[in-house]
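Since the structure comes first, as structure tokens, the remarks are kept for the end.
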Amino acid sequence: MSNEELFKEALTHFPGGVSSPVRAFRAVGGTPKFFKRAWDCWFEDEDGHTFLDLCMSWGPLILGHSQPAILKAVAESMQEGLTFGAPSRRELALARRIKEMVPFVEKLRFVSSGTEAVMSALRAARGFTKRDRILKFDGCYHGHSDGMLVKAGSGLVTFGEPSSAGVPAAIGELTSVLPLDDFGALSRYFDEHGMQTACAIIEPVPANNGLLPQQLDFLKTLRELCTRHGTILIFDEVISGFRVGPGGAAEMYKITPDLVTYGKIIGGGMPVGCYGGRKDIMGVVAPDGPVYQAGTLSGNPVAMAAGLATLERLTPDFYASLNHRAVIWAKVFERIPGVHAPHIGSLIWPLFQEGVRRSDAVKTGSITQFNKLHRLLLDQGVYLPPSGYEVAFLSGAHDEKALQHFERAVAAVAPMMAGS
Ligand SMILES: *Cc1c(COP(=O)(O)O)cnc(C)c1O
């Protein structure tokens with residue numbers, strides 16, 4: 001069946017025809033590509049066309065699609081069983097590797113998604129501090145648990161409002177939402193509510209509303225205010241962890257959070273998340289402590305094997321080479337008239353605007369232009385994430401041949417974007 005036919009049927013099965021909303025292509029228009037198979041930085045769709053992938057499953061595939069070493073590790077572990085619902089040595093191997101790369105993680109717990117990691121870290125923070133309020137930042141995404149689907153309330157109130165139907169107002173009120181990059185709002189908040197706030201959660205490299213690089217001082221100030229008020233600082237590194245460098249954003253900025261959440265890369269393409277950090281805080285988690293959190297498939301041996309095979313290959317040299325290549329790819333993006341492509345590590349955000357550090361600074365006009373660019377590049381065999389608010393992901397598999405393909409595509413679309 002063609003993409004078109006498959007999508008028609010998908011619409012009869014799933015809301016919007018998809019298993020996760022942004023995949024529906026509503027933002028950019030057109031029919032979503034149905035992936036048939038993928039290798040390195042390429043995939044073939046069900047129409048038999050080949051594309052250069054710059055979305056890479058939204059981040060997990062830092063080494064590329066279908067890497068032989070990972071497939072081998074998965075196959076080997078599969079031979080020994082798909083799931084045990086009991087401890088297995090592979091959990092220890094992945095935990096050891098994570099702690100080696102991120103020394104401030106003293107204890108951790110594996111879960112099955114980033115959403116679950118965040119939800120569980122918030123509960124641990126509340127259990128440890130015996131406080132209910134949580135603080136988040138507008139423009140950061142932390143998965144879809146109720147308390148995180150909250151936006152800033154209107155006017156001067158500090159209490160948030162649900163950003164999704166189905167989230168009770170009472171839950172929204174327990175989350176406060178501040179703008180990024182606003183030092184004044186941050187210190188006012190802590191003056192008034194710091195002592196009632198269980199935790200502050202932030203993406204240290206906000207990469208879910210475009211890429212919104214924060215000033216180092218903003219993150220440092222947040223760290224200090226948290227320490228002073230007994231508020232737990234959670235870095236949500238589900239994207240940035242093992243992406244921007246071996247120790248993630250925490251190491252890059254030399255700021256140590258109390259808890260951290262990971263996902264995406266640590267599963268090597270399989271569903272894994274984890275939360276961890278200070279051992280006194282993790283001590284509240286069951287069965288050691290009173291905070292309940294569990295999972296039938298948590299620590300799944302096959303997923304652990306895929307994660308370990310990935311992390312074992314993430315050496316300082318690997319990052320140096322990948323991050324260097326990202327600079328080159330970002331420059332190629334900027335050959336398109338009007339495009340600025342801020343980048344951190346191997347995350348690149350092509351936008352028709354410059355110097356954006358807050359979500360409310362993104363202009364709808366630049367998103368409209370992105371949508372056009374998305375369609376034009378797709379025609380040239382380049383697959384960008386299907387939304388202007390998403391970043392592009394580079395992997396170790398984006399080699400010289402891929403770069404040449406990308407340069408050709410950019411040369412073809414650049415005249416069509418000029419003056420638009
Ligand atoms: C992707 C992401 C999540 C959610 O992870 P899922 O595995 O999609 O549930 C949470 N936080 C951040 C920063 C993410 O990028």
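Every number here is computed from the coordinates shown, using simple stated rules; none is lab data. These numbers were taken from a predicted model, which means no experiment stands behind them. Glycine also receives a Cβ, built like all others from the backbone with ideal geometry; neighbour counts cover every protein chain displayed.
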Exercise. Which is farthest toward the positive dipole end of region 181-278 among G210, T227, S240, measuring Cα position about the Cα centre, with Cβ charges +1 (Lys, Arg) and -1 (Asp, Glu)?
Worked result: S240
Exercise. Taking a threshold of 25 Å on the Cα-Cα distance, which of the pairs K331/K401; K33/K331; K99/K264 fall above it?
Worked result: K33/K331
Seminar exercise, completed: Diffing region 374-386: the Karplus 3J(HN,Hα) column from phi (6.51, -1.76, 1.60, θ = phi - 60°), in whole Hz with x for Gly and Pro, holds 4, 5, 5, 5, 4, 4, 9, x, 10, 9, 8, x, x
Problem set entry | the chain: most fluctuating residue of K136, K220, K151 per GNM, C-alpha cutoff 10 Å | K220
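Would you order R375, R96, R357, R133 from fewest to most other beta-carbon atoms within 10 Å of each residue's own beta-carbon? Show your work: numbers first, answer last.
Working: R375 15, R96 12, R357 18, R133 21.
The order, fewest Cβ neighbours first, is R96, R375, R357, R133.
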Exercise. Among D146, D191, what is the fewest-to-most ranking by other Cβ atoms within 10 Å?
Worked result: D191, D146
Exercise. Once the dipole of region 14-99 is set up with Lys and Arg at +1 and Asp and Glu at -1 on Cβ about the Cα centre, which of S20, G85, G64 lies farthest towards its positive end?
Worked result: G85
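Please state the charge dipole magnitude for the chain, taken about the Cα centre, from unit charges on C-beta atoms (+1 on K and R, -1 on D and E), reported in debye and rounded to the nearest 20. Write down the numbers at each step before the final one.
Values: 41 positive and 43 negative charges, 104 e Å.
Using only the charged Cβ atoms, the result is roughly 500 debye.
Could you please report the charge total around L6, scoring K, R as +1 and D, E as -1 over all other residues with beta-carbon less than 12 angstrom from its beta-carbon? It would help to have the intermediate numbers written out before the result.
Numbers: positive: K8, K33, K36; negative: E4, E5, E9, D45, E46, D47.
For residues surrounding L6, the net value is -3.
Which FRET efficiency, nearest 0.05, do W39 and K99 yield, Cβ-Cβ r, R0 30 Å? Don't skip to the answer; put the middle values down first.
Values: r = 32 Å, r/R0 = 1.06.
Working from the Cβ atoms, E equals 0.40.
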Exercise. To the nearest 20 debye, what is the magnitude of the charge dipole of region 255-389 about its Cα centre, counting +1 on the Cβ of each Lys and Arg and -1 on the Cβ of each Asp and Glu?
Worked result: 420 debye
Problem set entry | Expected-Rg normalisation [2.2 N^0.38 Å, Cα atoms] applied to region 68-311 | 1.00
For this session: Compute the convex hull volume of the Cα atoms of region 60-137, divide it by the residue count, and report the result per residue in Å³ as a whole number.
Result: 155 Å³
Seminar exercise, completed: For the chain, shape from the Cα gyration tensor axes a ≥ b ≥ c, cut at a/c of 1.5 then a/b versus b/c, turns out oblate
Problem set entry | For region 355-420, the fraction of alpha-carbon pairs in successive 5 Å shells from zero, as % | 3, 15, 22, 23, 19, 12, 5, 0
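With runs of 4+ DSSP H residues as the only contributors, calculate the mean residue ellipticity of the chain at 222 nm using -39,500 (n - 2.57) per run, divided by the residue total and rounded to the nearest 500. Walk me through the intermediate numbers first.
Values: 13 runs with 155 residues, N = 420.
Rounded to the nearest 500, the figure is -11500 deg cm²/dmol.
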Problem set entry | Fraction of antiparallel bridges per DSSP, the chain only, in percent to nearest 5 | 55 percent
Exercise. How would you rank Y292, Y319, Y383, going from fewest to most other Cβ atoms within 10 Å of each one's own Cβ?
Worked result: Y292, Y319, Y383
Exercise. Ordered by residue, what ³J(HN,Hα) values in Hz, to whole numbers, does region 236-246 give under the Karplus form 6.51 cos²θ - 1.76 cosθ + 1.60, where θ = phi - 60° and Gly and Pro are x?
Worked result: 8, 10, 4, 8, 6, x, 6, 10, 7, x, x
Problem set entry | Selected from P415, V332, W349, residue furthest toward positive end of dipole (region 305-420; charges at beta carbon) | P415
Exercise. Length gain on complete extension for the stretch S321 to F84, per 0.36 nm per residue less the alpha carbon to alpha carbon distance?
Worked result: 81.5 nm
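With only Lys, Arg, Asp and Glu charged, each at its Cβ (+1 for the first two, -1 for the last two), find how big the charge dipole of region 68-311 is about the Cα centre; round to the nearest 20 debye. Write out the running numbers ahead of the final one.
On the way: 24 positive and 24 negative charges, 118 e Å.
Approximately 560 debye in magnitude.
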